[in-house]
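> Following this message is one structure expressed as structure tokens.
The values are calculated or read from the model by the stated rules, or taken from the named source; none is laboratory data. Quantities reported herein were computed from a predicted structural model and do not represent experimental measurements. So basically every Cβ, Gly included, is an ideal-geometry build from the backbone, and we count neighbours across all protein chains shown. Calculation scope for accessible area: heavy atoms of the full protein, side chains included, ligands and nucleic acids excluded. Shrake-Rupley method; radii C 1.70, N 1.55, O 1.52, S 1.80 Å.
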Amino acid sequence: MSTSNVATTSGAAATPVFAAQQTIAAPPQRRRRVKRKTWQTVIWLVVLIALTALVLYPLVWLGISTLKPNSEFGQNPGLIPQQPTFDNYLKVFDGIAGVPLWQFFGNSLILAVLAVVGTVFSSALAAYAFARIQFKGLGILFAAMIGTLLLPFHVVIIPQYILFNNLGLVDTFWPLVLPKFLATEAFFVFLLVQFMRQMPRDMDEAARIDGAGHVRIFWAIILPLVKPALITCAIFAFIWSWNDFLGPLLYLTSPENYPLPIALRLYNDQSSTSDFGATVTASFLALVPVLLFFLVFQRFLVDGVATQGLKG
């Protein structure tokens with residue numbers, strides 16, 4: 001009995017010592033794991049910084065190249081100008097073809113704002129009809145709308161130009177703005193339809209019991225819930241309209257009506273030699289509003305593209 005008690009006592013006494021040894025031996029393994037995680041984090045950060053620098057390099061080059069004189073283009077492809085100057089900004093601010101730069105900016109802003117308002121409002125109305133109203137021919141009309149995504153813009157250029165020319169609207173903003181208010185952008189309609197279809201119809205039925213019609217339901221219930229998708233449509237509509245070149249090139253003939261993309265072409269067509277410095281500077285200034293607009297609303301972009309509606 002005494003021997004077993006001694007063995008038990010010694011075993012009980014040895015167990016804490018063995019556990020203490022294990023506890024003391026554990027930190028080196030944890031430190032190795034922490035070191036491995038730290039090195040992995042450092043490697044990932046280096047890779048991400050390198051990719052970010054690679055992506056942002058063209059933008060940085062464009063911004064710094066605005067300080068290069070016209071003689072350095074073609075001779076100094078590097079990042080740092082040899083003889084920095086602000087003459088390019090003075091040329092651009094003076095305007096071209098008798099039109100100041102701010103008028104080009106104003107024309108682009110008018111077209112972009114009207115495009116955003118028309119696209120968002122008309123696309124939301126069309127999407128509500130497809131997503132929340134049952135009527136005959138719904139599937140056929142929706143399929144036809146989706147089919148327009150496969151139709152290139154170049155196919156309808158000539159018929160549209162003939163139509164607006166017969167209406168006397170050429171050299172005005174109407175051909176560029178009017179289609180935006182008619183839900184002609186099938187991509188935005190499809191985006192909003194998918195967003196609205198995820199919402200429970202119980203809200204519509206409850207609103208109808210309270211006496212609300214389609215206008216009330218659309219304005220008070222649907223629009224607040226699809227705000228992320230609406231902001232996504234606004235971002236893309238603004239960028240597409242701001243950067244549009246072919247549309248203004250077809251319908252606008254007077255320099256005072258030109259937006260920025262058409263005005264940039266004037267710096268290369270005004271003489272036999274192109275003014276690369278002024279072209280780069282005007283391009284950089286035209287890019288700034290798009291970057292600011294995107295930075296302000298970029299937090300809504302992911303929610304809108306993900307089209308995460310309510311689930312009921």
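> Could you provide, to the nearest whole Å², the per residue accessible area of region 66-202 with probe 1.4 Å?
I get 56 Å² per residue for this part.
> If you don't mind, there's one more thing I want to ask. With a cut-off of at most 12 other beta carbons within 10 Å, and DSSP calling the residue loop, which trypsin sites (Lys or Arg not before Pro) in region 123-224 qualify? Please list them. Write down the numbers at each step before the final one.
Values: sites: Arg132, Lys136, Lys180, Arg197, Arg201, Arg208, Arg216; in loops: Lys136, Arg201.
The qualifying sites are Lys136, Arg201.
> HN-Hα J couplings of region 195-208 from phi, Karplus 6.51/-1.76/1.60, θ = phi - 60°, integer Hz, Gly and Pro as x?
5, 6, 5, 7, 7, x, 7, 4, 5, 5, 5, 5, 5, 5
> Still on this structure, please answer the following. So what J values fall out for region 65-73 if you push phi through Karplus, 6.51 cos²θ - 1.76 cosθ + 1.60 with θ = phi - 60°, rounded to Hz, Gly and Pro as x?
Result, rounded to whole Hz: 5, 5, 8, 7, x, 4, 6, 7, 6.
> Another one. Ranked from the most accessible area to the least, with a 1.4 Å probe and all protein chains present, what is the order of Lys37, Lys91?
Highest to lowest solvent-accessible surface, that is Lys37, Lys91.
> Counting only protein heavy atoms and a 1.4 Å probe, tell me what percentage of region 186-270's accessible area is made up of carbon and sulfur.
Looking at region 186-270 in its full context, I get 60 percent from C and S.
> With a 1.4 Å probe and all protein chains kept in place, how do Asp87, Asp171 rank by accessible area, largest first?
Ranked from most to least accessible, the order is Asp87, Asp171.
> Continuing with the same structure: Roughly how many Å² is the accessible area per residue of region 244-298, as a whole number, for a 1.4 Å probe?
46 Å²
> Read phi for every residue in region 115-124 and hand back ³J(HN,Hα) as whole Hz from Karplus 6.51 cos²θ - 1.76 cosθ + 1.60, θ = phi - 60°, with x for Gly and Pro.
Once θ is set to phi - 60°, the couplings for region 115-124 become 5, 5, 4, x, 5, 5, 5, 5, 5, 5 Hz.
> Something else about it: If you find the alpha carbon centre of region 165-200 and of region 39-59, how far apart are they in angstrom?
Value for the Cα centre distance between the two parts: 39 Å.
> Work out, in µm²/s and without decimals, the Stokes-Einstein translational diffusion coefficient of region 86-163 at 20 °C, 1.002 mPa s, Rh from Kirkwood over C-alpha pairs.
Taking Rh from Cα pairs, D becomes 128 µm²/s.
> Follow-up. Report, to the nearest whole %, how much of the accessible area of region 59-104 belongs to carbon and sulfur atoms, 1.4 Å probe, protein only.
63 percent
> Would you mind pulling out the separation of the Cα centroids of region 232-257 and region 123-144, in Å?
28 Å
> Average the reciprocal distances over every distinct pair of alpha-carbons in region 225-286, invert the result, and give the Kirkwood radius in Å.
When all Cα pairs of region 225-286 are included, the Kirkwood radius is 13.5 Å.
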